[in-house]
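The block underneath contains the structure these notes are about, expressed in structure tokens.
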Amino acid sequence: MKTSTRFLLAAALLPTLALAQFDPLPKGMQVAPANPAVDGPRFLEWSALATAATTSPAKVEAGDISKHWKAPDGREIQLVVKRPHPRPDAPTVTMAKVAESEDARPAFDAAMAEVRAKQAGRLVIPKGLYHFRSLAKPGTGHAQIEDVSDLTIDGRGATFVFSLNQPGIMVTHSQRVAVVGLTMESALHIISAATVTEKDGQNLLVIDPEFPVTDRDPVVYVSEYDIANGKWLQGGQTLILDPGSTKFPPTYMGAQTYLSPLFKSLKTGTRAIVYHYWYGSASFRINDAPGPKQTEDIVIDSMTFHTSPGFAIYAYGMKRGLAIVNSTIAAKPGAKLPISATYDAIHVTGGAGDIQITGTRIANQGDDAINLEGAISPVVSLSDDGRTLRLGKHSRLIAKGDQLAFFDRTGRYLGKATVSANPKSLGADNEIVIDQKVAGVEALSVARDVANISSRYDVSNNIMEDCGCHALVAQLPNGLVENNTMRNLAGNAIRLLTDVGYWNEGIGAFNVIVRGNKISNSGVDRARMAPWAAITAYGGAVGGAAVFPVNRDLQITDNIISNARQGCVSISSSAKVLVARNQCDSTNLAEPGQPSINVQNATDVTLEGNRRSGSTTGAQRIKAAADAPIAQQANY
């Protein structure tokens, strides 16, 4: 996540940027005009590649998590996440009880060693409070789950408190592991409450005395916040101070006060929350790479996450199989500030799919509730013959034999090739040799590893609320998003997309159903990308919005959307979309009368049976090529 500053910000930060800036076209870079005769067939080829894996390779056994549905393109989707299946005589190991004053990490490590030695099927954590104060070695988690399989960790009644800015639980080289009932917290000073004041013509940030700070507490993010009522403000002021690129980082002046010329953008008197960690470590992290022991089938069941300096749950580089069920990510009751994860609550990058998130409440986090995205590797440089490439971030996930799909920075699919040799590490980058040159690939093009496309996901029956967030950023194929409740959001609720420009992440929303969701009191997005709405399908590219379709086969149906500050449903950079039977009530509150259903830069879109009510809810607006097949709805 930290290889390039420009790609660090998760998508839900955008609503609070006054005028989000996107990459201009690099000097000398030319964008070929659209050629439907060429680009259309190419996009269909990419769509077929992206959606090919409709059926999980995992075999369903009794007790496993499985779900079937019919996708918009008519194919059957089968999702499987396997639960542990220990041998019948597998023993149970009980972790030693540790005093609250002691470091619990050695006791947990000893219990895991015993699990491995005995091939135990169950590890019991006795009820109590456990403080983890150290790591066994650099690069691990406070509580390391490694080289185990078919194991249930029963932590019901136990709370883990992590003392360092390092992963809480880290999972590597493990298969079919369920963690049940644990509560997780951070002991770090993650956030503070503050007021913007003015002195001698300069704006200062003064931290409330109940949050003592020193020069060891940097200020990396400031967000206007209703501190008295513990609520995120829709459209509130925000100042992002990425320590890797900020020219004027805030200076601690003593007496709870920070100074930076950048504070001039904040209004005096503003009450705000302050983050002290820039994308800190996740509470629960899955971290792996391709290989015979690559992690798969991890179940997070009935867990509670209260505070984290980064994401609450972060899965990166797992093989496939992740279920988050009946869990809670929310601020700890009675907290001075009701903030849970400072950034995304759940973030998934890479892997081959089978993701289920259901029955879970997500609240009080500062960024996306759920971001499901796919890895993109920029082409840093390439040889004269076009077969030896230096690829940037995420390229460590690429293996010999993988098929790579290439795109220019406008989102246009260029073609594919196969990795013909073992990749060579070049520090943060990797040298990749492919079996053939792909026409059009150059520096600043991007590659997607087809072997690492997360396919098949189900986000259903969750509650996402009271956050500085979007509820769901869905950037993967073969998905089902249904019967969720999304309310009181700083940004809009659902984004269906990929972005090969500013964010440089995602595969695209292909073969995705969004139905039966209840969305209320959604907020504001300001980036110049699309006509924003509670549900928006779009694409990002260098220079702004994608001018080619990057999403396909979408069904957005039977959703109830009310009290939205922007539109109801918006479709851009997409093809073959059905928008039907949605109820749009009192939308466009920020700009009354503006269109509530927008279609632009899209093709083969059908609008039918949608209803609108409320004096602020405008009609529909279609901005598309004259020959684009758009079925408008009469009497909307």
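In region 594-636, what residues are among the hydrophobic types (A, V, I, L, M, F, W, C), in a strand (DSSP E or B) and open to solvent by 20 Å² or more (accessible area, probe 1.4 Å)?
Listed by number, the residues that qualify are Ile622, Ile630, Ala631.
Restricting attention to region 50-103, report how many residues are open to solvent by 70 Å² or more (accessible area, probe 1.4 Å), outside any loop (DSSP other than H, G, I, E, B) and in contact with an Asp or Glu (Cβ under 8 Å, 6 or more places away or on another chain).
3
Go over the candidates Gly351, Gly359, Gly334, Gly317 one by one and state the one that is among the small types (Gly, Ala, Ser), at pLDDT below 95 and open to solvent by 10 Å² or more (accessible area, probe 1.4 Å).
Gly334
Inside region 113-139, can you point out the residues that are of a type outside the set (D, E, K, R), farther than 24 Å from Asn165 by Cβ and either open to solvent by 100 Å² or more (accessible area, probe 1.4 Å) or in contact with a His (Cβ under 6 Å, 6 or more places away or on another chain) (or both)?
Gln119
With the structure loaded, tell me whether Asp525 is in a strand (DSSP E or B) and either touching a residue at least 60 places away in the same chain (Cβ under 8 Å) or of a type outside the set (Asp, Glu) (or both) or whether it fails that test.
no
Would you say Thr268 is in a loop (DSSP other than H, G, I, E, B) and touching a Ser or Thr at 6+ places or on another chain (Cβ under 7 Å)? It would help to see each step written out before you state the result.
Working: in a loop (DSSP other than H, G, I, E, B): yes; touching a Ser or Thr at 6+ places or on another chain (Cβ under 7 Å): yes.
Answer is yes for this residue.
If the requirement is being surrounded by 15 or more Cβ atoms within 10 Å (Cβ to Cβ) and closer than 21 Å to Pro167 by Cβ, which of these qualifies: Phe211, Phe284?
Answer to the check: Phe284.
Which one is most open to solvent (accessible area, probe 1.4 Å) among residues in region 217-269 that are at positive phi and either among the hydrophobic types (A, V, I, L, M, F, W, C) or at pLDDT below 95 (or both)?
Among those that are at positive phi and either among the hydrophobic types (A, V, I, L, M, F, W, C) or at pLDDT below 95 (or both), it is Ala255.
How about region 423-462: which of its residues are more than 24 Å from the chain's Cα centre (by Cα), over 21 Å from Ala48 (Cβ atoms) and not in a strand (DSSP E or B)?
Passing the criteria: Pro423, Gly427, Lys437, Glu442, Ala443.
Six or more apart or on different chains, Cβ atoms under 7 Å: show the pairs whose first residue is in region 355-367 and over 30 Å from Val222 (Cα atoms) and whose second is surrounded by fewer than 24 Cβ atoms within 10 Å (Cβ to Cβ) and among the basic types (Lys, Arg).
Here the result reads Gln356/Lys67, each pair linking region 355-367 to a residue that is surrounded by fewer than 24 Cβ atoms within 10 Å (Cβ to Cβ) and among the basic types (Lys, Arg).
Got at least one residue in region 291-308 being under 30 Å from Leu233 (Cα atoms), open to solvent by less than 10 Å² (accessible area, probe 1.4 Å) and among the hydrophobic types (A, V, I, L, M, F, W, C)?
Within region 291-308, one or more residues are under 30 Å from Leu233 (Cα atoms), open to solvent by less than 10 Å² (accessible area, probe 1.4 Å) and among the hydrophobic types (A, V, I, L, M, F, W, C).
Please identify the pairs in which a residue from region 247-263 that is in a loop (DSSP other than H, G, I, E, B) has its Cβ atom under 9 Å from the Cβ atom of a residue that is open to solvent by less than 70 Å² (accessible area, probe 1.4 Å) and of a type in the set (Asp, Glu), counting only partners at least 6 apart or on another chain.
Going by the 9 Å Cβ cut-off, the qualifying pairs are Gln256/Asp208.
Within region 529-554, take every residue that is assigned to a strand (DSSP E or B) and of a type in the set (A, V, I, L, M) and give me the one that is nearest to Glu76 (Cα to Cα).
Leu554
Assess whether Val512 counts as being surrounded by 24 or more Cβ atoms within 10 Å (Cβ to Cβ), in a strand (DSSP E or B) and touching a Lys or Arg at 6+ places or on another chain (Cβ under 8 Å).
Answer is no for this residue.
Do we have any residue at all in region 501-508 that's among the aliphatic types (A, V, I, L, M) and either over 20 Å from Ile77 (Cα atoms) or part of a strand (DSSP E or B) (or both)?
Within region 501-508, none of the residues are among the aliphatic types (A, V, I, L, M) and either over 20 Å from Ile77 (Cα atoms) or part of a strand (DSSP E or B) (or both).
Count, please, the residues in region 463-489 that happen to be more than 19 Å from Ile77 (Cβ to Cβ) and either of a type in the set (D, E, K, R) or surrounded by fewer than 24 Cβ atoms within 10 Å (Cβ to Cβ) (or both).
Of all residues in region 463-489, those more than 19 Å from Ile77 (Cβ to Cβ) come to 463-471, 473, 485-489.
Then keep just the ones that are either of a type in the set (D, E, K, R) or surrounded by fewer than 24 Cβ atoms within 10 Å (Cβ to Cβ) (or both); that gives 463, 465-466, 485, 487-488.
Matching residues across region 463-489 total 6.
When residues of region 555-584 are filtered for being small (Gly, Ala, Ser), closer than 16 Å to Thr617 by Cα and outside any strand (DSSP E or B), how many remain?
So the count comes out to 1.
Scan region 500-511 and tell me whether some residue there is in contact (Cβ under 8 Å) with a residue 40 or more places away in the chain and within 19 Å of Ile362 (Cα to Cα).
Within region 500-511, not a single residue is in contact (Cβ under 8 Å) with a residue 40 or more places away in the chain and within 19 Å of Ile362 (Cα to Cα).
Pairs, please: C-beta under 8 Å, at least 6 apart or cross-chain, first residue at positive phi and open to solvent by 30 Å² or more (accessible area, probe 1.4 Å) and in region 165-190, second of a type in the set (S, T, N, Q) and outside any strand (DSSP E or B)?
Listed by first residue and then by second, the contacts come to His173/Gln294; His173/Thr295.
Provide a single number: the residues in region 383-423 that are within 18 Å of Ala451 (Cα to Cα), of a type in the set (D, E, K, R) and open to solvent by 60 Å² or more (accessible area, probe 1.4 Å).
3
Could you list, in sequence order, the residues of region 533-548 that are surrounded by fewer than 24 Cβ atoms within 10 Å (Cβ to Cβ) and at negative phi?
Val542, Ala545, Val547, Phe548
The values are calculated or read from the model by the stated rules, or taken from the named source; none is laboratory data. Predicted model only: the values in this text are computed from it and were never measured. In this analysis, Cβ positions are derived from the backbone assuming ideal geometry, glycine residues included, and neighbour counts consider all displayed protein chains. These area figures cover heavy atoms from the full protein model, side chains too; ligands, DNA and RNA do not enter into them. Shrake-Rupley method; radii C 1.70, N 1.55, O 1.52, S 1.80 Å.
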